[in-house]
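Novice: Mind looking over this structure? Questions follow.
The values are calculated or read from the model by the stated rules, or taken from the named source; none is laboratory data. Bear in mind the structure is a predicted one, so any value in this text is a computation, not a measurement. So basically every Cβ, Gly included, is an ideal-geometry build from the backbone, and we count neighbours across all protein chains shown.
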Amino acid sequence: MEALEETLLSSATIAARVKELGAEITRDYQGKDLIVIGILKGALPFMADLIREIKLPLKYDLMAVSSYGVSTKTSGAVQILKDIEMGVEGEHVLVVEDIIDTGLTLNYLVGNLLSRKPASLKICTLLDKPSRREVDITPEYNGFTIPDRFVVGYGLDYAERFRNLPMIGVLKPEVYEKS
Ligand code: 5GP
């Protein structure tokens, strides 16, 4: 892909890891009803692949949240742009996210979802950038721990582009300069 300076994770590497995560989740939720909640837009490709590697009956729903601006950064307040349509009280909930960076988005979401009294709530993220964390949040399932670099592809965007790349990588500097 010519916009990328470097590929960090090839589509084959991602697919193999998604398979492993699916197998792990399948083992852990044996005999339980599972609701998978994907966070739009970034988690869409990951969630679509992951749910087909979870060999259990499950339901899924989607949520969209606004990213915080500079003023809301300290409070970590994010807005829910689209809420899930199903109730989660008494249900086993697995939140699927593309990447955990500062952790502010998920921290807010977890608090919000916990107030709805699910039987359990776990987090599955494709990528984790622990070096940037501002709140104490650790995903139960993590595809890859990555260094502090801005990545695109497989759902992750720069200015809404590059979400459809099958791999994950770092953009060439001239892509930023052009836009
Ligand atoms: P957090 O609240 O954990 O700081 O932010 C998580 C959100 O920030 C992700 O859902 C994603 O939208 C965005 N984000 C964080 N790091 C990256 C990155 O390296 N690339 C892209 N494209 N988005 C990122």
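Novice: Filter the range 128-155 down to the residues that are of a type outside the set (Ser, Thr, Tyr) and within 20 Å of TYR60 (Cβ to Cβ) and list them by number.
Specialist: Going through the range 128-155, the residues of a type outside the set (Ser, Thr, Tyr) turn out to be 128-130, 132-137, 139-140, 142-144, 146-153, 155.
Passing the criteria: PRO139, GLU140, ASN142, GLY143, GLY155.
Novice: Additional query: How about the range 1-54: which of its residues are among the charged types (D, E, K, R) and either assigned to a strand (DSSP E or B) or under 19 Å from LEU156 (Cα atoms) (or both)? Give the derivation first.
Specialist: So in the range 1-54, the residues among the charged types (D, E, K, R) come out as 2, 5-6, 17, 19-20, 24, 27-28, 32-33, 41, 49, 52-53.
Once the filter is applied, which keeps residues that are among the charged types (D, E, K, R) and either assigned to a strand (DSSP E or B) or under 19 Å from LEU156 (Cα atoms) (or both), the range 1-54 yields GLU2, GLU5, GLU6, ARG17, LYS41, ASP49.
Novice: Inside the range 64-165, counting only strands (runs of 3 or more DSSP E) that do not spill past its ends, which hold 2 or more residues that are out of contact with any Asp or Glu (no Cβ under 7 Å at 6 or more places or on another chain) and within 9 Å of the ligand (Cβ to nearest atom)?
Specialist: Working: elements: 80-82, 92-100, 120-128, 141-145.
In the range 64-165, 92-100 are the strands (runs of 3 or more DSSP E) which contain 2 or more residues that are out of contact with any Asp or Glu (no Cβ under 7 Å at 6 or more places or on another chain) and within 9 Å of the ligand (Cβ to nearest atom).
Novice: In this structure, does LEU56 turn out to be within 12 Å of the chain's Cα centre (by Cα) and at pLDDT 95 or above?
Specialist: Working: within 12 Å of the chain's Cα centre (by Cα): no; at pLDDT 95 or above: yes.
No.
Novice: Under 9 Å between Cβ atoms, at least 6 apart or on separate chains: pull out the pairs that start in the range 144-157 with a residue that is farther than 14 Å from LEU4 by Cβ and among the β-branched types (Val, Ile, Thr) and end on any residue that is modelled with pLDDT of 95 or more and near the ligand (Cβ under 7 Å from one of its atoms).
Specialist: THR145/LYS129; ILE146/ILE99; ILE146/LYS129
Novice: Is one or more of the residues making up the range 122-143 polar (S, T, N, Q), crowded, with 17+ Cβ neighbours inside 10 Å and modelled with pLDDT of 95 or more? Don't jump to the end; show me each part of the working.
Specialist: Taking the range 122-143 first, the residues polar (S, T, N, Q) are 125, 131, 138, 142.
Imposing the further condition that a residue be crowded, with 17+ Cβ neighbours inside 10 Å reduces the set to 125, 142.
So of that shortlist, the ones also modelled with pLDDT of 95 or more come out as 125, 142.
Within the range 122-143 (the criterion being polar (S, T, N, Q), crowded, with 17+ Cβ neighbours inside 10 Å and modelled with pLDDT of 95 or more), the answer is yes, since at least one residue qualifies.
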